[in-house]
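Undergrad: One structure, as structure tokens, below. Some questions next.
Any read-out appearing in this document is the output of simple, stated calculations on the displayed coordinates, not a laboratory observation. Quantities reported herein were computed from a predicted structural model and do not represent experimental measurements. Please note: Cβ atoms are built from the backbone with ideal geometry, for glycine as well, and neighbour counts cover all protein chains shown.
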Amino acid sequence: MTSEARPQLQYLHTAIEELKAQNLYHELPILSGEQKAVTVVNGREVINLSSNNYLGLATHPKLRRTSIEATRKFGCGTAAVRTIAGTMTIHMDLEKQIARFKDAEAAVVFQSGFTANAGTVAAVLGKDDLIISDELNHASIIDGCRLSKATIKIFRHRDLEDCERILKETENWSGHKLLITDGVFSMDGDIAPLPGLCDLAEKYNCIMMIDDAHSSGVLGRGGRGTVDHFGCHGRVDIQVGTLSKAIGSMGGYVCGSRDLIEFLYQRARPFLFSTSHPPAVVGACQAAFTLLDSPDGERLVKKLWSNTKFFKRGLKKLGFDTGASETPITPIMVGEAAKAFEFSKAIFEEGVFAQAIGYPTVPQGKARLRTIVTAAHKRKELEQALDVISRVGQRMGITQG
Ligand SMILES: *Cc1c(COP(=O)(O)O)cnc(C)c1O
């Protein structure tokens, strides 16, 4: 007997068939090795331009060692939520370390960046409150906003004027107001206009919140994030970051005042109702922040940016449109989704792994190849990737002019 036998889920089969007919069905690419700059995907060795392993920490020997030591000392799992019996000394130590690193009063660690965003927004805001959100904010922010039951108003992407228009219209709102943005936007690689948003949050008395998933380990001194990048210290009430991208392991965190963190300990649902990180994850994160706080960390961030500049300049010189990107996330604009998928497939066959992104992740007609370089890429790997992308791009008529 298989589940196919029952008709209750037949509609899912129909939906999948529809996705396949529209070329919107995605097979999972499968890595048979580590998350490295060159890796094996679906049995083929490729230059990897698809991961968020910005600093190469996912396979760093120091993280690996500390992770194994934590497993030896504390075991494989915690078997409890943080509030019952799932808080070990290492969980508290990591939170203190993150708060110090971000120069915040306190920090709380969640199971993922997704739960950090969703859990925090839903805990801090309620049905009488108002959320003003950038139209390209991450899905986890959108879910958190919906869970909070607050009124949600969306401003045009990075548009301070449009944001202020909404704030003027809602000037006499009686509940709390939250102004929320991604630090670095995950599909375009552009940076939020944080100083201007902080001005607005101050002028209109909003809580200011930023999601630094793609900026932690990338922007600011030693990768301290968007607040540090712009010198907006003390102007952002809630800073979310992820431990799953540049930090090389898994998890999310929230930094802010002690009151904020203590409140989240009491009220954030993923914190209360989902088991805490296994020691291996906590150990790896501790090693990552120790590294970031050292000259080695600074060096890795510098390498990430020099690789980013080299690769971006190369793409532009070859005549590609890289959109509004200012960070290691560099889209190569293609237009039609089908063409973007064909482009991705063609370079894959020549040994370069970069995903095509189409509707509904990005708007219709804005399909692209999304590339991310890391500090772990060697120059000759980036040169080789540029060579392949150039040849295939010309053949497919994707380069401009
Ligand atoms: C990846 C991402 C998240 C989620 O982080 P995870 O730790 O992977 O759950 C949240 N926000 C943004 C902007 C992201 O890109």
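Undergrad: Which of Glu69, Glu169, Glu381 ends up with the largest GNM mean-square fluctuation for the chain, with Cα atoms connected below 10 Å?
TA: Maximum fluctuation in the GNM of the chain, among the listed residues, is at Glu169.
Undergrad: Using a simple spin-label model with points 7 Å from Cα along the Cα→Cβ vector, what separation in nm is obtained for Lys168 and Gln384?
TA: 5.6
Undergrad: From the helices alone, meaning DSSP H stretches of at least four residues, give me the mean residue ellipticity at 222 nm for the chain, per-run term -39500 (n - 2.57), in deg cm²/dmol to the nearest 500.
TA: Helix-only estimate at 222 nm: -13000 deg cm²/dmol.
Undergrad: While we're on this one: Using the 10 angstrom Cβ neighbour count as an exposure proxy, how do Ser276, Ser306 rank, fewest first?
TA: Starting with the residue having the fewest Cβ neighbours, the order is Ser306, Ser276.
Undergrad: Using Cα centres only, tell me the gap between region 353-378 and region 92-129 in whole Å.
TA: That distance is 28 Å.
Undergrad: Short version: ³J(HN,Hα) in whole Hz for each residue of region 136-148, in order, from phi by Karplus 6.51 cos²θ - 1.76 cosθ + 1.60 (θ = phi - 60°), x for Gly and Pro, what are they?
TA: Values per residue, Gly and Pro as x: 9, 4, 5, 3, 5, 5, 4, 5, x, 4, 5, 4, 6 Hz.
Undergrad: Right, next: What FRET efficiency do you get for Glu135 and Arg65 if R0 is 45 Å and r is their Cβ-Cβ distance, rounded to the nearest 0.05? Numbers along the way, then the final one.
TA: On the way: r = 43 Å, r/R0 = 0.96.
Step by step, r from the Cβ atoms, then E = 0.55.
Undergrad: Under a Cβ-Cβ cut-off of 12 Å, what is the net charge of the residues other than Ala150 that fall near it, where Lys and Arg count +1 and Asp and Glu count -1?
TA: +3
Undergrad: Please list, in chain and number order, the residues 5+ apart from Ile207 or on another chain whose amide H is under 5 Å from its amide H, with Hs placed from the backbone.
TA: Correct list: Lys177, Leu178, Leu179.
Undergrad: Here's a follow-up. Determine the percent antiparallel among the DSSP beta bridges restricted to region 61-292, to the nearest 5. Could the numbers behind the result be given before it?
TA: Numbers: 11 of 28 bridges.
The antiparallel fraction comes to roughly 40 percent.
Undergrad: I would also like to ask the following. Which residues make up the longest stretch of the chain clear of trypsin sites (Lys or Arg not before Pro) that lie in a DSSP loop with no more than 14 other Cβ atoms within 10 Å, not counting the sites?
TA: Result for the longest clean stretch: 157-377.
Undergrad: Hull surface divided by four, with the convex hull built on the Cα atoms of region 26-81: how many nm²?
TA: The Cα convex hull of region 26-81, projected and averaged over all directions, gives 6.0 nm².
Undergrad: Go through Lys312/Lys345; Lys96/Lys177; Lys36/Lys312; Lys153/Lys339 and tell me which ones have a Cα-Cα distance over 24 Å in this structure.
TA: Beyond 24 Å: Lys96/Lys177; Lys153/Lys339.
Undergrad: To two decimal places, what compactness ratio does region 61-292 give when its Cα radius of gyration is scaled by 2.2 N^0.38 Å?
TA: For region 61-292, the normalised Cα radius of gyration is 0.99.
Undergrad: Continuing with the same structure: Could you check what % of the DSSP bridge pairs in the chain are antiparallel, to the nearest 5?
TA: 55
Undergrad: What is the extension gain from Asn205 to Tyr265, computed as 0.36 nm multiplied by their sequence separation minus the C-alpha to C-alpha distance, in nm to one decimal?
TA: Working: separation 60, 0.36 × 60 = 21.60 nm, distance 2.50 nm.
Here the answer is 19.1 nm.
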